[in-house]
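Colleague: Quick one: structure below, then a few questions.
The values are calculated or read from the model by the stated rules, or taken from the named source; none is laboratory data. The shown structure was predicted, so the numbers you read here are calculated from the model rather than taken from an experiment. Reconstructed Cβ throughout: ideal geometry from the backbone, glycine too, with neighbour counts over all protein chains shown. Keep in mind that these areas ignore ligands, DNA and RNA; they rest on the heavy atoms of the full protein, side chains included. Shrake-Rupley method; radii C 1.70, N 1.55, O 1.52, S 1.80 Å.
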Amino acid sequence: MKSLLLSVTLTLAAAITAQTCPDRVLGTAVGAGDDFNAPIQAIGFPFPFAGATYSNVHICTNGYMTLSNGGVPAPPVADFSASAAELASGPPRICPLWHDLNVVAANGGQLYINSTPAKCTITWDRVVNFGHTTQFQMQVQLFPSGDMQFFYSRGATNNSTYNYAAGVGLAGVSPGQASPLPATSDLSAGGVTTDNSLYEMWLTQTLFDMPLCNLSLIPVSPSGWVFTNVPWAGCALATDYGTGCVSVRDSFYELMPVGGFDLANTTMTLLRSPNGYFATGGIPGTFVPPSVTSTIIANADDIVSTVALSSPMPVPGGTTSSLTVSSNGNIGLSAVSNGAGFAPEVGLFLAFAQTSIAACWHDYNPVAAGSGKVRFEEIAGVAYVTWDNVFSYLTSSGDTFQYQFDLTTGNVTIVYGAFGQGSNNYLVGYSFAGTTWRPEASDLSVDLGAGISVFDAAVKGLTLTSSSLPMLNSIYSLDVSAVPAIVPVAFLFFGDTPLPGIDLGFIGAPDCRAYTNANLASVSVPVTLPAGTGSYGLPIPPAPALIALTLTSQSVALSTAVPLGLVMSNGNSFSIGL
C-alpha cells in the first residue's frame, strides 16, 4: 500500500507550502463536562487584547474563554445561552462558537491547553451540541502580537435544541466590561472594523457557516480588527459515512422539509413483539373523532403532559402505565418525559433517554387563536391521543393525526389526516431508549410498504472507523468491529471515489451497500474472535505531493447472514495532510 501512495505522487501537483491547519499537539487536558469551567490556566506570555494585557484564561465547555490577570476579573458561571449583551457586559471574552455545547468524557472529549512563549493553543476536542452525538473540534491560537486564529473542523455547528436560547450561536471577541456593542459582522466574508468588539450571531440551529475554515483576527491600532476567513488547505481529515450490514436496528426515522410531509391520509402501524416492533403501512386504520368527553392535554406552546393508562401496556423493557405527550407531536412510552423541544433533529431523537414514537415531531402551538387541541381519551382498551387540526407555530395551518395505543397488545396505530404547509421540518420515526448508533434515513412512504423491523437491543453491522488522522510521515489507523465470528480476518478495499451507498441486494447482499469504487488496492486485516475487532495501519510517507489526496475505504467480511456470504461496512473517506 505504501508503494501505491508513492506512485500517486507522480500524478499530483507540486507541494502545497502554505497551510491553514489546527495544531495536532493539543497539550494538557484540563477537564470535560456540560456547562463546565476549567480551572484558571496560564497563557504563557502577556497577551495584548483591546488595550490591556492578560496572563490567564478561563475555558468554558460552551465554546468560549474569558481573560484575566490572576483571576481578575472573575469568570462568569458557565453559560450555555449566548447573547450579544453578555458579550459586551461580561469579562473580556473570546468565542470560537459560544453555544450550548457538551464535552463528554465518555466520548474522549476534553478541553486542552498548550502554552509556550510563542503561542497558546486552546482546543475543544470531540465536543458535541447538547443532546446530539456528532463530534467536532474547535481550536483558538493566541500569539504574543495579539493575533488570533480560530479553527473549526467538519461538523462544527450550532444545533442544541435544549431551548431557543441554547440554539443561538455566537463567534467573536469583546473586551466586555460595559464596552460599546457594535452591529454584527459577517465573519465568513472578512473585513475591517474599528470596534474592539467583533462578533456574528446565528439565531437558528445549524446555520453556522465556517466548518473546515480558519478565521484570523489581527488587531489594529488604536482599536479594531482585520478579520479574514479561509478554507482549510492541506489538513488531514477523516470521515465515516453510511451504515454497515448486517445490522439489527433499534430505531428508524425520516426528516421531511417544510411543506414536504408525504404521509397525509395514510396509516403507520407498529406491531409489538416480545423483542421489538414491526412497522408497516399495510394495515389500514380508521380515524376516531375525539368524543365530547375527551380531555384536552398539552395545552400550551412547548409543553409535556403525562397521561395515565387504565392498565399497563407492553413496551420495551416491560410495561408502562403512563405516556408523556409533547405538544410538538411526539410521545414517550414512559412516565418520564423526553422534553418538549420544538426543533426536530435526528441526533437528539436517537439520543432520547426514553423510548419515543414520533407520529410527527414538529413545532405546534395548540393555544394559537383558532387552533385545534391535543386530546386524550380511552375507549374499550385503546388509548387515543389526537392532534385535531393543531396549528403549526406562527401559522394558521393545521395538522390532524391520531395515535391509537392498544393496551393489551402494545400495538400502536398512527392514522394521519390532512396536513397543512407547516412552519419547520417534520420528523417521523421510532427511537428506543438511550443513545444509539444512527442508521440510514428511511423514505417511509416507500419503506413502510415492505415493513421495518426494530428491536429492543440494537446490533451494529460491520463497522469501519479511524482512530488517527492521515498525516504525512505517520500511520493512519483503520479499525474494524462487529466482524462475524467465522474466520479471524477481514478485508479492506481502497478507492479514489466515494459511492453514494449502492444497494447490493441484486448480488445477494440485501441492505448492504457499496461506498467506494475499490479500484486501488485491497489488504487483509487480522481480527480477534469472538470480539470481532481488528486494526490496520496504513503508512503515509513524508511526500508533500500527497497533501490533499483523498481516498476512500470499506471493509468486507465473511458472513452467513446474507446469500452472498459477505457483509460490508460503512465507508471511510480520508484526505492526507498536515
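Colleague: Can you give the three extents of the C-alpha atoms in the range 110-198 along their principal axes, from longest to shortest, in whole Å?
Modeller: Result, largest extent first: 37, 34, 27 Å.
Colleague: I've got another one for you. Mind running the shape call on the range 499-561? Use the C-alpha gyration tensor, a ≥ b ≥ c as the square roots of the eigenvalues: rounded below 1.5 for a/c, prolate if a/b tops b/c, oblate otherwise.
Modeller: oblate
Colleague: Can you give the three extents of the C-alpha atoms in the range 297-347 along their principal axes, from longest to shortest, in whole Å?
Modeller: On the principal axes, the range 297-347 reaches 31, 27, 13 Å in Cα extent.
Colleague: Compute the distance in nm between two label points, each set 7 Å from the Cα along the Cα-to-Cβ direction, one at ALA183 and one at SER310.
Modeller: My value for the distance between the label points is 6.3 nm.
Colleague: Here is a further query. How big is the equivalent ellipsoid of the chain along its three axes, where each semi-axis is √(5λ) from the Cα gyration tensor, reported in whole Å from largest to smallest?
Modeller: Rounded to whole Å, the semi-axes are 44, 35, 19.
Colleague: Rounded to the nearest percent, how much of the accessible area of the range 106-219 (1.4 Å probe, protein heavy atoms only) is carbon and sulfur?
Modeller: Roughly 55 percent, rounded to a whole number.
Colleague: Give the Cα extents of the range 423-578 along the principal axes, in whole Å, largest first.
Modeller: Here the spans come out as 52, 47, 33 Å, largest first.
Colleague: Next question, about the same structure. May I ask you to give the average projected area over all directions of the convex hull of the Cα atoms of the range 250-289, in nm² rounded to one decimal?
Modeller: Reported value for the Cα convex hull: 4.2 nm².
Colleague: Write down the Kirkwood hydrodynamic radius of the range 390-508, to one decimal in angstroms, obtained as one divided by the mean of 1/r over all alpha carbon pairs.
Modeller: Taking the inverse mean of 1/r over all distinct Cα pairs, the range 390-508 comes out at 19.8 Å.
Colleague: A further question follows. Can you check what the Kirkwood hydrodynamic radius comes to for the range 419-487, Cα pairs only, in Å to one decimal?
Modeller: Details: mean 1/r = 0.0605 Å⁻¹.
Evaluated on the range 419-487, it is 16.5 Å.
Colleague: A further question on this structure: Rounded to whole Å and ordered largest first, report the semi-axes of the equivalent ellipsoid of the range 176-317 derived from its Cα gyration tensor (root of 5λ).
Modeller: Value: 51, 26, 15 Å, ordered largest first.
Colleague: Based on Cβ point charges of +1 for Lys and Arg and -1 for Asp and Glu, what charge dipole magnitude is obtained for the chain about its Cα centre, in debye rounded to the nearest 20?
Modeller: That gives a dipole near 1060 debye.
Colleague: I would also like to ask the following. What is the set of long-range amide H partners of CYS213 at a cut-off below 5 Å, with H atoms built 1.01 Å from backbone N?
Modeller: Under 5 Å from the amide H of CYS213: TYR152, TRP232.
Colleague: Quick one: plug the Kirkwood hydrodynamic radius of the range 293-421 (C-alpha pairs) into Stokes-Einstein at 37 °C, 0.692 mPa s, and report D in µm²/s. All intermediate terms of the calculation are to be shown ahead of the outcome.
Modeller: On the way: Rh = 14.5 Å.
The diffusion coefficient I find is 226 µm²/s.
Colleague: Using only the Cα atoms, what convex hull volume per residue in Å³ does the range 112-164 have?
Modeller: Enclosed volume per residue, from the Cα hull, is 85 Å³.
Colleague: Further, regarding this structure: Stokes-Einstein diffusion coefficient for the range 41-113 at 10 °C in a medium of 1.306 mPa s, Rh from the Kirkwood formula over Cα pairs: what value in µm²/s?
Modeller: My calculation gives 122 µm²/s for D.
Colleague: Also, quick follow-up: Under the 0.36 nm per residue contour assumption, what length would be gained going from the current alpha-carbon distance of ARG24 and ASP503 to full extension?
Modeller: Using 0.36 nm per residue and subtracting the Cα-Cα distance, I get 168.7 nm.
Colleague: Also: Just from the alpha-carbon atoms, what are the Rg and Dmax of the range 363-447 in angstroms?
Modeller: 15.0, 41
Colleague: I'd like the distance separating the alpha-carbon centroids of the range 384-445 and the range 141-218, in whole Å.
Modeller: Their Cα centres are 36 Å away from one another.
Colleague: Over the chain, give the accessible area per residue in Å² for a 1.4 Å probe, as an integer.
Modeller: 38
Colleague: Direction-averaged shadow area of the convex hull around the Cα atoms of the range 231-314, nm²?
Modeller: Reported value for the Cα convex hull: 12.2 nm².
Colleague: Using packing as a proxy for protection, rank 171-177, 308-314 so that the peptide with the highest average count of other Cβ atoms within 10 Å comes first.
Modeller: Answer by packing, highest mean first, reads 171-177, 308-314.
Colleague: I'd like to know how the range 154-219 sits against the 2.2 N^0.38 Å rule of thumb: what's its Cα Rg over that expected value?
Modeller: Compactness ratio reported: 1.19.
Colleague: Between VAL77 and LEU529, 0.36 nm times their residue separation minus their Cα-Cα distance comes to what? Walk me through the numbers before you get to the answer.
Modeller: Values: separation 452, 0.36 × 452 = 162.72 nm, distance 4.86 nm.
Gain on stretching VAL77 to LEU529: 157.9 nm.
Colleague: Right, something else. May I ask which residue of THR280, THR206, THR193 lies farthest towards the positive end of the charge dipole of the range 171-303, with charges of +1 (Lys, Arg) and -1 (Asp, Glu) on Cβ and the Cα centre as origin?
Modeller: It is THR280, whose Cα lies furthest towards the positive end.
Colleague: Per the 1.4 Å probe, what fraction of the accessible area of the range 437-479, in percent, lies on carbon and sulfur atoms?
Modeller: 56
Colleague: At a 1.4 Å probe radius, carbon and sulfur cover how many percent of the accessible area of the range 258-334? Show your work: numbers first, answer last.
Modeller: Values: 1810 of 3260 Å².
The computed percentage sits at 56.
Colleague: Still on this model: Given TRP98, LEU323, GLY449, which one lies farthest toward the positive end of the charge dipole of the chain, if we put +1 on the Cβ of every Lys and Arg and -1 on the Cβ of every Asp and Glu?
Modeller: TRP98
Colleague: Based on the alpha-carbon gyration tensor of the range 142-257, what equivalent-ellipsoid semi-axes (square roots of 5 times the eigenvalues) come out, in whole Å, largest first?
Modeller: Details: eigenvalues 244, 75, 23 Å².
The three semi-axes for the range 142-257 are 35, 19, 11 Å.
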